[in-house]
Amino acid sequence: MLTHTWGEVMPRAPANLSCLCPESQPTTSDETVVAGGTVVLKCQVEDPDDSSLQWSNPAQQTLYFGEKRALRDNRIQLERSTPNELTISISDVVLSDEGEYTCSIFTMPVRTAKALVTVLGIPQKPQIFGHEQPIDEEKIARLTCRSSGSKPAAQLRWKKEGWGQDVVEDPNGKTFTVSSRVEFRVTKEDNEAEVTCTVDHESLQNSERSTTQKLQVHYKPTAKIEPHPQYPREGEKLQLQCDGQGNPIPQEFLWEKEGSDAPLQLSSDSVLIFPFLNKSDSGTYVCTATSSMGSVVAKYNLDVSGKRDRRTPGITQFLLAAADASPVPSTSSTYHAVIGGVVAVIVFLLLSLLIVLGHYLIRHKGTYLTHEAKGSDDAPDADTAIINAEGGQAGGDDKKEYFI
């Protein structure tokens with residue numbers, strides 16, 4: 001007899017119970033993409049158990065179920081769909097695409113895998129502030145570099161050492177604006193110097209974004225006086241050029257002569273002209289060059305030489321001209337050199353004269369007759385010697401004397 005006890009449940013195998021083995025677990029990977037780029041999401045499973053794979057966005061909206069598109073977004077495309085893999089791509093990625101994407105396989109129970117998509121915000125080209133106006137020499141320059149749109153926050157670098165960096169979240173709540181400041185004391189050597197700010201960020205992918213600005217530094221002027229011609233003479237025209245340098249360039253020039261009460265010239269013209277030089281123009285001339293940064297004084301000692309000799313120059317004139325051409329004609333060493341040159345030339349001329357004279361005498365040697373005839377040495381007196389000489393000139397041998 002069979003008996004049955006109420007309340008007991010006979011065990012029975014569940015219908016359509018799927019295998020709980022790990023081969024049915026989908027796998028994904030996290031991805032990082034630069035804003036504006038394309039991200040590829042791949043979901044794989046070893047044993048699909050006759051089930052389909054599905055991708056969903058962070059808002060839990062289905063993007064693809066198998067090979068079927070579920071969300072109307074042309075940026076999302078199907079790359080590959082097989083029983084073991086579902087791969088999609090999202091192009092023109094924006095910051096709002098960031099988040100966790102879910103790959104699901106509808107087994108019992110449903111199995112899922114997460115893929116975190118990180119979108120990098122590209123920092124904008126940095127801007128430098130604080131250089132708009134020129135900076136006076138020996139003052140402190142304060143420059144600020146700023147770049148917006150980075151995610152995560154970018155780093156800023158200066159060619160000059162910085163002392164701080166601020167990070168402020170942008171109004172969109174996703175990106176950041178970074179700024180950095182430098183300050184340093186400027187000199188006139190910093191005028192036209194380049195200052196560069198560079199932004200470093202992983203989204204730039206080994207490229208560089210930087211901004212370079214030139215500094216404008218105001219500094220005191222300098223001046224020097226240049227004569228034209230360099231060695232003025234009496235009767236010639238002379239121009240004295242007051243060469244003023246600085247930032248800004250001097251715009252006012254005052255010409256004075258030491259010992260004179262009244263100024264010679266006050267204008268924006270830096271040239272003082274002497275149409276016809278006189279020796280009375282000799283003296284010390286002073287140029288005062290003025291800019292908004294101050295004034296500077298330059299002096300020039302004018303010594304008017306005599307008029308140039310228009311005749312054909314001889315040796316002495318040539319040497320004097322050479323002495324006048326010396327850059328510093330008033331030094332004692334120059335006079336010694338001139339005197340030595342004159343002595344050397346004179347000695348050279350004397351030696352040349354002796355050589356020429358000796359050569360001439362050698363080429364023109366001759367014979368000369370004297371009144372002394374042969375046998376005149378035996379005459380008792382002078383008259384007899386003369387008579388004997390006259391009588392014996394025709395047939396006797398003449399006595400010859402050679403002069404070399």
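The values are calculated or read from the model by the stated rules, or taken from the named source; none is laboratory data. All of these numbers come straight from a predicted model, not from anything done at the bench. For neighbour counting, all protein chains shown are included, and Cβ atoms are generated from backbone atoms with ideal geometry for every residue, glycine included. With ligands, DNA and RNA removed, areas are computed over all heavy atoms of the protein, side chains included. Shrake-Rupley method; radii C 1.70, N 1.55, O 1.52, S 1.80 Å.
Expressed as a whole percent, the accessible area of region 133-220 that falls on carbon and sulfur atoms is 41 (1.4 Å probe). Stretched out straight at 0.36 nm per residue, the stretch from Lys257 to Ala59 would grow longer than its current Cα-Cα span by 62.3 nm.
For region 219-308, with every protein chain kept in place, what is the accessible area per residue (1.4 Å probe, Å²)?
Numbers: 5000 Å² over 90 residues.
For region 219-308, the solvent-accessible area averages 56 Å² per residue.
The loop-placed GluC sites (Glu not before Pro) in region 182-212, going by DSSP, that have at most 15 neighbouring Cβ atoms within 10 Å of their Cβ come out as Glu192, Glu208.
Extension gain, Leu266 to Val338, is 21.7 nm, computed as 0.36 nm per intervening residue step minus the present C-alpha separation.
Listed here are the pairs Lys159/Lys220; Lys224/Lys279; Lys42/Lys114; Lys139/Lys224; which of them are more than 20 Å apart at the Cα? Pairs exceeding 20 Å: Lys159/Lys220; Lys224/Lys279; Lys139/Lys224. For region 99-107, 3J(HN,Hα) computed residue by residue from phi via the Karplus equation (6.51, -1.76, 1.60; θ = phi - 60°) reads x, 9, 9, 10, 10, 10, 10, 8, 9 Hz, glycine and proline entered as x.
Rounded to the nearest 0.05, what FRET efficiency do Thr144 and Gln205 give with R0 = 22 Å and r taken as the Cβ-Cβ distance? Could you check?
Values: r = 27 Å, r/R0 = 1.22.
My answer for the efficiency is 0.25.
Amide H contacts of Met108: Ser18, each under 5 Å away and 5 or more positions distant or on a separate chain (H built 1.01 Å from N in the peptide plane; Pro and chain starts excluded). Sparsely packed loop sites in region 115-182 (the chymotrypsin sites (Phe, Trp or Tyr not before Pro) outside DSSP H, G, I, E and B with at most 13 other Cβ atoms within 10 Å) comprise Trp163. Taken one residue at a time, the phi angles of region 181-189 give Karplus couplings (6.51, -1.76, 1.60, θ = phi - 60°) of 10, 10, 8, 7, 8, 9, 10, 5, 5 Hz. Gly and Pro are set to x. I'd like the FRET efficiency for Lys174 and Gln133, computed as 1/(1 + (r/R0)^6) with the beta carbon distance as r and R0 of 56 Å, rounded to 0.05. According to the calculation, E is roughly 0.95.
Computing FRET efficiency as 1/(1 + (r/R0)^6) for Leu361 and Ser305, where r is the C-beta to C-beta distance and R0 is 45 Å, gives about 0.45.
Hand me the GluC sites (Glu not before Pro) from region 51-135 located in a DSSP loop with no more than 13 other Cβ atoms within 10 Å, in residue order please.
Numbers: sites: Glu67, Glu79, Glu85, Glu98, Glu100, Glu132; in loops: Glu67, Glu98, Glu132.
Those satisfying the criteria are Glu67, Glu132.
For Tyr101, the solvent-accessible surface computed with a 1.4 Å probe is close to 10 Å², ligands and nucleic acids excluded.
Between Leu63 and residues 5 or more places away or on another chain, which pairs have amide H atoms under 5 Å apart, with H built 1.01 Å from N, and which residues are they? So Leu63 has HN proximity to Trp55, Ser56, Asn57. Taking amide hydrogens as placed 1.01 Å from N in the peptide plane, the amide H of Asp136 sits under 5 Å from those of His218, each at least 5 positions away in sequence or on another chain. With every protein chain in place and a 1.4 angstrom probe, the accessible-area ranking of Met108, Met293, largest first, reads Met108, Met293.
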